[in-house]
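Below: the structure, in structure tokens.
Derivation of every value follows stated rules applied to the coordinates shown; laboratory data play no part. Model, not experiment: these values are computed from the prediction. Note that each Cβ is placed from the backbone with ideal geometry, even for glycine, and that neighbours are counted across all protein chains shown.
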Amino acid sequence: MIESIGLLIFGSIMLYLGSEWIVKGGVGIAEKYGISTIVIGLTVVAFGTSLPELLVSLNAAFQGSPSLAIGNAIGSNIANVGLVLSISALIFPIKMKYASIRRDLYVYFFSCAIFVIFSLDGRLSKFEGAFFVNTLLFYIIYSIKKPVNSDVEIEDYESDNLGEMFLFVIFGIVGLSLGADLFVDGSVFIARFFGISEVVIGMSIVAFGTSLPELATSAMAAYKKQSAISIGNIIGSNIFNILCVLGVTSVVQPLSAKWVDIRFQVGIMIVYGLLVMLASRLTQPIRRPLSILMLMGYFIFIYLLF
């Protein structure tokens, strides 16, 4: 048991460091080509911080734990809003314009709706996974070609060495791969030892661990007054978790999970998406009472899971 807890801790550290490196390199490369802040947040940063979820879900599927893979993706989406956004907004002022994120929120709700339809039969097939992946590719291309205007410009990157940026990305991928493997090993053992459902473990412990990169990135972006990157990271990561994480994983290994076991969690995921939409239409920056409400809701959700 102690060894498994150690794997969880060390895996979390590697996930955090790996994501930090890949985001640092990815943002540097994107900035070199003059990509806007909101696009960086929705694509490069979101993909970098979603890699832990992808690698954890892939490893879980290969190890015969499909429920853990699905629980990880859904739980991470809930944690990204209930934990990441709420804590970031509590510490630093975050401004969120509805006009800037409206299109991406629609994409997110569309992704949630398709996931619900596909999962009603208790299974995500390779064909359904391919549909997710193709939708994601179309979304990325469209976002780059028709970016939403952002009032904030990203700070100049501290290094002009393109090779150094690529090295950050490479070492980030290695760190993420190692961290994901250790994290799944530890969490699966603990789940089976206590007889806890893998869906619950995936939506709580694993989801929290794989959401640490989003928390660190969004908090840092908010601290540097880059709200566009912070918000883009959260919404983009939620889109990637459905279309990329579940899509790629089910293409490689079809996933199965009973709808009755995940319907409550999927409902909470959609509610938090609606809260993001509500927050973006209220006076800015995001008010602390709303942030506290979202954070309390997340802790209640975790309590109900157990």
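Side notes on the structure shown:
- For the range 38-135, the gyration tensor built on C-alpha atoms gives a prolate shape. Its axis ratio a/c (a ≥ b ≥ c) is at least 1.5, and a/b is the larger of a/b and b/c.
- Estimated distance in nm for a label pair at Arg287 and Phe110, the labels positioned 7 Å out from Cα along Cα-to-Cβ: 3.2 nm
- In summary, the lysines within cross-link reach of Lys32, defined as a Cα separation below 22 angstrom excluding same-chain residues under 8 places away, comprise Lys24, Lys145, Lys146, Lys224, Lys225.
- Taking a point 7 Å from the Cα of Ile196 along the Cα-to-Cβ direction, the residues of the range 2-17 with backbone N closer than 12 Å to it are 5.
- Bridging of Lys258 to lysines at a Cα separation below 21 Å is possible for Lys126, once same-chain residues fewer than 8 apart are set aside.
- Shape of the range 44-89, Cα gyration tensor, a/c cut at 1.5: oblate
- Extension gain, Leu274 back to Leu167 (0.36 nm per residue minus Cα-Cα distance, nm): 34.7 nm
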